Every structure is written in C-alpha cells, then in structure tokens.
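The values are calculated or read from the model by the stated rules, or taken from the named source; none is laboratory data. Model, not experiment: these values are computed from the prediction. Glycine also receives a Cβ, built like all others from the backbone with ideal geometry; neighbour counts cover every protein chain displayed.
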Ligand SMILES: Cc1cc2nc3c(=O)[nH]c(=O)nc-3n(C[C@H](O)[C@H](O)[C@H](O)COP(=O)(O)O)c2cc1C
C-alpha cells in the first residue's frame, strides 16, 4: 500500500475477526518500531507479544475501550476481542521523553499493521498495576501502553470537520464508527 493511503485510511479498530495474526507481521511491526526517531536514541523500549489465550484474556480484562461508544465498541472476549496484544514497556521510569518515544513507536507499528491489512487499538486506559502483575513486569521496568492487534471486523471512517465541529467519535445509525478530524487549515498557522 502507498504510504499516503496507509496514513489516511488507518483507523483505530475495536472489533476483530477471530483469526490469529501471523508472527512475521508482528515481528515486522516491531522491526518498524525499533527504527523510529528516539530522543537521544536511548532505545529503552521493549515489546512483549502476547498470544497465549489465557494471558490475552487476563490482559484484555484490564482494558477499557472507546469511551464515547461504550458499550457498542467494547469487544467481547471469544467473539470479537483481539487475539494478540503487544505490551510496550520501558527499561527504567516512565518519563516524558519515554512516552514520546513510545508514541512514535506505537504509531509506526499501527502503520506497519495497517499496511498488511491488520488493525490496532492503542490502549492507554487499562489497569497498569494489574496488567504489570499478569505480565510479570520486573520492578526496574515500566509498562507504558498496550496495543491490540488483529484483523478488523469493522470499517470506521474519518470525517473532516471545521473548528466549530465536535471531535467526539460516534456510531451512526448503521453502526459505522465516525472519527472526526479537524481540517488542516483549521489547525495550522503559517508565519
Ligand atoms: C495515547 C492514546 C491512548 C489511547 N487509549 C485508548 C484506550 O484506552 N481505549 C480505546 O478504545 N482507544 C484508545 N485510544 C485510541 C483513540 O481513541 C483513537 O486514536 C481516537 O479515537 C482517534 O481514532 P483513530 O485512531 O481512528 O484516528 C488511544 C489513543 C492514544 C493515542
């Protein structure tokens, strides 16, 4: 896929087909993430690929989905929930720059996933303490985010909006998720 197409069409996915993701695609996502820009090039991020059904279920139970479209976009385990998570951890503390580095890495993973027909949901709303226990994260590391990965079972669309519009994503009468984004001229100043 052309990069512009990936960048414009990628959407957060909250419903997944019950089909296992290929290891090579997950490896490629992390291979993409490891190459991204990184403050001082510290490279302190580490990745845990979670595919064991019991661990996926336990981790899934710590997560919260789509606050504006609950419960219609809260996946159900065994029905349309992700079969894979990638946990993004950092060696050391959760500093501002580590979060910036994680953001760059996670966005790159989402693009790499979309490029091969996979969708993701970046999850910041989860019980970190519980998930850290489940994943046995050592005390010298920090669990930063989870990334759900899988084959999309929904097709969200993006709408361009003016500054006067609401940025809240919503479901329409056909159960299609709409994700409003401000137009480029609304958010850009040229000096
Ligand atoms: C830092 C961060 C945390 C997020 N946490 C969650 C989350 O916990 N649960 C969820 O369903 N979506 C989460 N999202 C996904 C956003 O809701 C989503 O990116 C937003 O609605 C825009 O949709 P889009 O990704 O399709 O552009 C998160 C995204 C980011 C960047």
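Some notes on this structure:
To keep it simple, each residue is scored yes or no on (1) more than 13 Å from the ligand (Cβ to nearest atom); (2) at pLDDT 95 or above; (3) not in a strand (DSSP E or B).
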site: 102; (1), (2), (3): no, yes, yes
site: 109; (1), (2), (3): no, yes, yes
site: 133; (1), (2), (3): yes, yes, yes
site: 142; (1), (2), (3): yes, yes, no
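- Search result, residues across the range 155-174 that are surrounded by 11 or more Cβ atoms within 10 Å (Cβ to Cβ) and either more than 12 Å from the ligand (Cβ to nearest atom) or not in a loop (DSSP other than H, G, I, E, B) (or both): 157, 158, 159, 160, 161, 165, 170, 171
- Residue in the range 178-191 that is within 13 Å of the ligand (Cβ to nearest atom), in a loop (DSSP other than H, G, I, E, B) and modelled with pLDDT of 95 or more present: no
- Scoring residue 39 on the criteria (1) within 16 Å of the ligand (Cβ to nearest atom); (2) touching a helix residue (DSSP H, G or I) at 6+ places or on another chain (Cβ under 6 Å) leaves a single failure, condition (1).
- Criterion applied to 34, 10, 15 was being over 24 Å from residue 134 (Cα atoms) and within 15 Å of the ligand (Cβ to nearest atom), and the one residue passing it is 10.
- For the criterion of being more than 14 Å from residue 146 (Cβ to Cβ), outside any helix (DSSP H, G or I), touching a residue at least 40 places away in the same chain (Cβ under 8 Å) and away from the ligand (no atom under 12 Å from the Cβ), residue 25 fails.
- Residues satisfying the stated conditions in the range 4-22, i.e. out of contact with any strand residue (DSSP E or B) (no Cβ under 9 Å at 6 or more places or on another chain) and touching a residue at least 40 places away in the same chain (Cβ under 8 Å): 6, 7
- Taken over the range 111-122, residues that are away from the ligand (no atom under 13 Å from the Cβ) and assigned to a helix (DSSP H, G or I) amount to 2.
- Hits in the range 55-84 - residues which are in contact with a strand residue (DSSP E or B) (Cβ under 7 Å, 6 or more places away or on another chain), within 12 Å of the ligand (Cβ to nearest atom) and not in a loop (DSSP other than H, G, I, E, B): 63, 68, 69
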